[in-house]
Amino acid sequence: MDQKEIIRREYFLNRKSMREIAKELHHSRKTIRKAIYDPGVPEYKRSLPAPKRAIGPFVEIIQQWLKEDKQRPAKQRHTAKRIYERLKEEYGYQGSGRTVRREVGLLRGTIPDSHVPQTYQAAEGGTFDFGEAYVILSGQETRVHLGCLRLDYSSHYFVCALPTERQEALFECHLRGFAYLGGVPGRIRYDNLKTAVYKILTGKRRQEQASWTAFRSHFLFESEYVTPGRGQEKGGVENLVGYVRRNFLVPLPAFRDYGELNAYLLDCCEQDAKRRRRFGRTVRELWQEERARLRPLPQQLPAACTTVMARVNRRQQVRLNGNWYSTPPEYVGRLVTVHAYVFRVAIAFQDKVIASHARSYGREEEVLEPHHYLPVLLRKPGAFARATPMLKWPLPPAYETYHRRLRERGEGGAGTREYIRILMLLKDHVLQEVTAAVEQAASSGLYGYEVVRTFLGEEPGRKLCEVARVWPNQVEHFDLLVRR
């Protein structure tokens, strides 16, 4: 280009002829003429397309495969990588994979998709999506599911981590997100989540899950669903999942439980809103403007759970998602309502909650409450030794020692019955209090249900303690005195 500029200066400013310039600069007159009549950057133009020596003989084969793909399912068509592998294995192709990818792109007529800038009004809409990430939870590397709710106008977002993406998790994310963002936008866009969409109809029409429609009707926002396979229609929240993973969860942070993890993510949302800027203002400032226009939450919020009916079997259990949960013995054979929340399971009979358990996400696990089985074991003490709820009950060692001494002193199942009655005290008292009472009774050489009640402070505690002090040498007859 510098030579071209010199030629033009010599010709137009110094009034030299093309012959003189060619002689001085040692260029051909053809080159001088091009420089004079075209001041732009010179470009090399091929008279014929460059020969495709490596891929050329295989172009027709690739075209045939792509043509056949049009009759096959969209998710089972050739990728450029698969075409490259087949060419190597079946036809002895010696070229590179990059050459194949470039040729496949040309044959498919691939054109990069473009996007149109969008302008949103405050509180007009938002987007929601689930994503996955890994964290250290209770000392173990755990996969968690991130629920992300983002407002379109302010770009402020809410993220929470849950152990599942089931429908109750969808409800839980929305309840938490609306509470954090201070209201409800007019419209929210989604993927075609199975927990929300029962069937995809033509165009934008969807047949939604009845329970999802009932939940949404409490807040009166509209749902929009993107075209299948077109995630860019809600690209803001799609990118948000990766943004959260890269910026907040690298390297893998460690937490005790989901409560601590979600507190951390909430703080990250707050700090990021103060730092990020949009249209010359911080995201937090835009959100404060938008929050005033969001729809208020209803006075009565819906429960973030799914509900199923189940019958209690003879083992006092109901089944939910492949796991078993216990109920009190009086409900055996009855039809109960099981409310499945993200972190707990509530079992109700005629609108009365009869059992509540921590939610399990394993398979064929038994979540048993020992107190549900103690009344039965009181009638059947022989089943106590191998009773699963008792074996899984993490009691301090003092209880087993006390039980052993009670069996030594009692006849038949009498000692075990006394021990079961002591365990039943744990339903109405704190574990530490009952444990202290058991240890005090054992250190005093006194064994029995009434003795433990005495040290626990229940009536007739004071009288029994008085007996123990007045007749210190009659400790071996203390149980007899209690019975009298």
Tyr225 fails exactly one of (1) under 18 Å from Val159 (Cβ atoms); (2) free of Cβ contacts under 8 Å to residues at least 40 places away in the same chain, namely (1)
Exception for Glu24 within (1) among the acidic types (Asp, Glu); (2) surrounded by 14 or more Cβ atoms within 10 Å (Cβ to Cβ); (3) farther than 20 Å from Arg108 by Cα falls at (2)
Quick check on my filter: what residues within the stretch 361-372 are surrounded by 17 or more Cβ atoms within 10 Å (Cβ to Cβ) and part of a loop (DSSP other than H, G, I, E, B)? Leu368, Glu369
Output the residue which, of all residues in the stretch 202-242 that are surrounded by 17 or more Cβ atoms within 10 Å (Cβ to Cβ), modelled with pLDDT of 85 or more and assigned to a helix (DSSP H, G or I), is nearest to the chain's Cα centre (by Cα). Val241
Here is a list of conditions, (1) under 22 Å from Asp351 (Cβ atoms); (2) in the same structural domain as Ser217 (by TED's automatic domain parsing), and Leu286 meets all of them except one; can you say which number that is? (1)
Is at least one residue of the stretch 40-55 more than 30 Å from Arg102 (Cβ to Cβ) and not in a helix (DSSP H, G or I)? no
Restricting the first residue to the stretch 232-250 and requiring it to be assigned by TED's automatic domain parsing to the domain that holds Asp272, which pairs with a second residue that is modelled with pLDDT under 85 and surrounded by fewer than 15 Cβ atoms within 10 Å (Cβ to Cβ) meet a Cβ separation below 9 Å and a spacing of at least six or different chains? Gln232/Asp113; Gln232/His115; Glu233/Thr227; Gly235/His115; Glu238/Gly231; Glu238/Gln232
Can you name the condition, by its number, that Ser356 falls short on among (1) polar (S, T, N, Q); (2) over 29 Å from the mean Cα position of the chain (by Cα); (3) outside any helix (DSSP H, G or I)? (2)
When you look at Ile347, is it in a strand (DSSP E or B) and in contact with a His (Cβ under 8 Å, 6 or more places away or on another chain), yes or no? yes
Say we look at the stretch 45-60 and pick out the residues that are modelled with pLDDT of 80 or more and touching an Asp or Glu at 6+ places or on another chain (Cβ under 9 Å); which of these is surrounded by the most Cβ atoms within 10 Å (Cβ to Cβ)? Phe58
Considering Asp69, Asp129, Asp152, which residue is surrounded by fewer than 18 Cβ atoms within 10 Å (Cβ to Cβ) and not basic (Lys, Arg)? Asp69
Of those in the stretch 257-301 that are in a loop (DSSP other than H, G, I, E, B) and touching a Leu at 6+ places or on another chain (Cβ under 8 Å), the residue surrounded by the most Cβ atoms within 10 Å (Cβ to Cβ) is Leu294
Long-range neighbours under 9 Å by Cβ, at least six apart or interchain, first residue assigned by TED's automatic domain parsing to the domain that holds Asp69 and more than 30 Å from Gln288 (Cβ to Cβ) within the stretch 95-123, second modelled with pLDDT of 80 or more and of a type in the set (Asp, Glu): Gly97/Glu85
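The values are calculated or read from the model by the stated rules, or taken from the named source; none is laboratory data. Bear in mind the structure is a predicted one, so any value in this text is a computation, not a measurement. In this analysis, Cβ positions are derived from the backbone assuming ideal geometry, glycine residues included, and neighbour counts consider all displayed protein chains.
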